[in-house]
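A.B. asks: So that we are looking at the same thing, I have put the structure below in structure tokens.
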Amino acid sequence: MSVSHSSRLNKEVREKYIKLPQGDMVQVTYIWIDGTGENVRCKTKTLDYEPKSIEEVPEWNFDGSSTYQAEGSNSDMYLIPVKMFRDPFCLDPNKLVMCEVLKYNRKPAEINLRHTCKKIMDMVSDHIPWFGMEQEYTLLGINGHPYGWPDNGFPGPQGPYYCGVGADKVYGRDIVESHYKACLYAGVKVCGTNAEVMPSQWEFQVGPCEGIDMGDHLWMARFILHRVCEDFGVVATLDPKPMTGNWNGAGCHTNYSTADMRHIEDAIDKLGKRHDYHMCLYDPHGGKDNSRRLTGQHETSSIHDFSAGVANRGTSIRIPHQVAQEGFGYFEDRRPAANCDPYAVTEALVRSTILNETGSETKDYWTN
């Protein structure tokens with residue numbers, strides 16, 4: 001199995017330096033989404049104090065021409081701190097900070113979907129929108145081949161791997177458990193994890209989170225996942241269909257409720273009328289990634305059709321049995337792709353179900 005060179009470095013040597021006292025100085029790692037809308041970048045600076053709130057973390061900047069976000073002739077981009085977490089890699093008192101990105105003119109960068117999401121969430125705060133997102137991902141060797149799979153050939157058919165136990169059932173549990181603990185240390189609202197249907201595929205759940213916190217916590221959980229995988233020498237991919245053929249894809253199922261969601265049928269009816277709108281926003285490439293996953297097979301609905309059903313994993317919207325019986329509660333939107341931007345997904349749900357926007361076009365979204 002191919003692993004990265006950096007993972008072969010002696011980690012015990014690193015620990016000797018990590019344990020060195022750092023006086024009153026604090027390392028703050030700034031994290032942002034790059035121009036792909038899928039990948040994260042980071043850089044670290046030293047502060048001579050420990051920030052107690054996000055307001056105490058100063059703005060910073062970076063070279064946008066090296067992150068697909070600006071031309072070299074005008075490349076400075078601003079990093080605006082928005083959410084602070086503990087650092088599970090360099091430990092207390094060091095911090096991880098999620099940032100928004102502004103262009104040279106201090107307008108939001110094209111990939112900065114948090115900016116409009118925050119405005120929408122503030123508008124509907126009285127409704128108390130709650131979200132829980134189930135992030136599926138697949139572990140790969142550095143060569144791009146699924147981790148633990150035979151170098152030549154395939155593992156046995158799907159069936160024994162979901163929530164599996166045993167060396168012949170699951171691959172990479174050390175990574176999963178390390179990521180879980182790192183998220184808990186950081187203060188990310190991770191609430192569970194399990195092995196998924198395809199071997200070397202896993203899932204972690206984040207939530208419940210209210211409003212803008214959903215996107216902040218999921219993006220930070222993704223960053224921590226990539227950093228943990230870096231230490232182990234493997235790659236975590238959020239590709240919605242990493243393996244063609246009779247293998248499950250990877251989604252980011254989104255559970256959603258509001259304080260006054262007393263009529264689930266009404267909310268689902270509104271989503272059905274805006275199916276195309278949501279499909280354009282549920283992966284970073286306007287539906288192209290999701291079209292490989294949402295085929296109507298492997299526990300998915302068709303990308304072309306909207307559907308809802310009780311306890312049915314082959315529908316767009318799954319309604320839990322208890323919710324169906326009581327007529328209110330929450331539902332699961334099974335359409336978002338694993339590589340979706342949670343800011344876009346949560347904003348779209350609020351726009352359709354609370355603000356009662358109509359139409360399937362996305363022009364209004366991208367221009368706001």
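The values are calculated or read from the model by the stated rules, or taken from the named source; none is laboratory data. Since we're looking at a predicted model, the values are computed, not measured. Here the Cβ is made from the backbone with ideal geometry for all residues, glycine too, and neighbour counts use every protein chain on show. For the accessible areas, the whole protein counts, side chains as well, though only heavy atoms, and no ligand, DNA or RNA atoms are used. Shrake-Rupley method; radii C 1.70, N 1.55, O 1.52, S 1.80 Å.
A.B. asks: So, taking all protein chains as they sit and a 1.4 Å probe, how much accessible area belongs to Y161, in Å² rounded to tens?
C.D. replies: For Y161, solvent-accessible area is about 10 Å².
A.B. asks: Sticking with the crude label model, points 7 Å out along Cα→Cβ, report the distance from K181 to Q322 in nm, one decimal please.
C.D. replies: Rounded to a tenth, the inter-label distance reads 3.1 nm.
A.B. asks: Run the numbers for N10 and H263: contour at 0.36 nm per residue of separation, minus the present Cα-Cα distance, in nm.
C.D. replies: Once the chain is fully extended between N10 and H263, it gains 85.4 nm.
A.B. asks: Put D266, D216, D48 in order of accessible area, largest first, 1.4 Å probe: what do you get?
C.D. replies: So the residues, ranked largest to smallest area, are D48, D266, D216.
A.B. asks: What do you reckon, how do D34, D92 stack up by accessible area (1.4 Å probe), largest on top?
C.D. replies: Result of the area sort, largest leading: D92, D34.
A.B. asks: Give the shape of region 99-158 as rounded, prolate or oblate, defined through the alpha-carbon gyration tensor: a ≥ b ≥ c are the square roots of its eigenvalues, a/c under 1.5 means rounded, and otherwise the shape is prolate if a/b is larger than b/c and oblate if not.
C.D. replies: oblate
A.B. asks: So if R0 is 22 Å, what FRET efficiency would D174 and Q22 give, r being the distance between their Cβ atoms, rounded to the nearest 0.05?
C.D. replies: So the FRET efficiency works out to roughly 0.20.
A.B. asks: Turning to a different aspect of this structure: Rounded if a/c is under 1.5, else prolate if a/b is larger than b/c, else oblate: which is region 1-154, with a ≥ b ≥ c the root eigenvalues of its Cα gyration tensor?
C.D. replies: Judged from the Cα gyration tensor, region 1-154 comes out oblate (a/c at least 1.5, b/c at or above a/b).
A.B. asks: Also: At a probe size of 1.4 Å, how large is the accessible area of L184, to the nearest 10 Å²?
C.D. replies: For L184, the solvent-accessible surface is approximately 90 Å².
A.B. asks: How large a share of the accessible area of region 272-368, in percent, is made up of carbon and sulfur atoms when the probe is 1.4 Å and the other protein chains stay in place?
C.D. replies: 48
A.B. asks: Rounded if a/c is under 1.5, else prolate if a/b is larger than b/c, else oblate: which is the chain, with a ≥ b ≥ c the root eigenvalues of its Cα gyration tensor?
C.D. replies: The shape class here is oblate.
A.B. asks: Could you look at region 22-77 and say what percent of its accessible area is carbon and sulfur, using a 1.4 Å probe and all protein chains?
C.D. replies: About 42 percent, which is the carbon plus sulfur part of the accessible surface.
A.B. asks: Turning to a different aspect of this structure: Restricting to Cα pairs below 8 Å that are 6+ residues apart, what does the relative contact order work out to for the chain? Please round to a whole percent.
C.D. replies: Answer for the chain is 16 percent.
A.B. asks: Any chance you could look up the accessible area of H127 with a 1.4 Å probe, heavy atoms only, rounded to 10 Å²?
C.D. replies: Only protein atoms counted, so the area is about 60 Å².
A.B. asks: Moving on. With a 1.4 Å probe and every protein chain left in place, work out the accessible area per residue of region 267-314 in Å², rounded to a whole number.
C.D. replies: Result: 47 Å² per residue.
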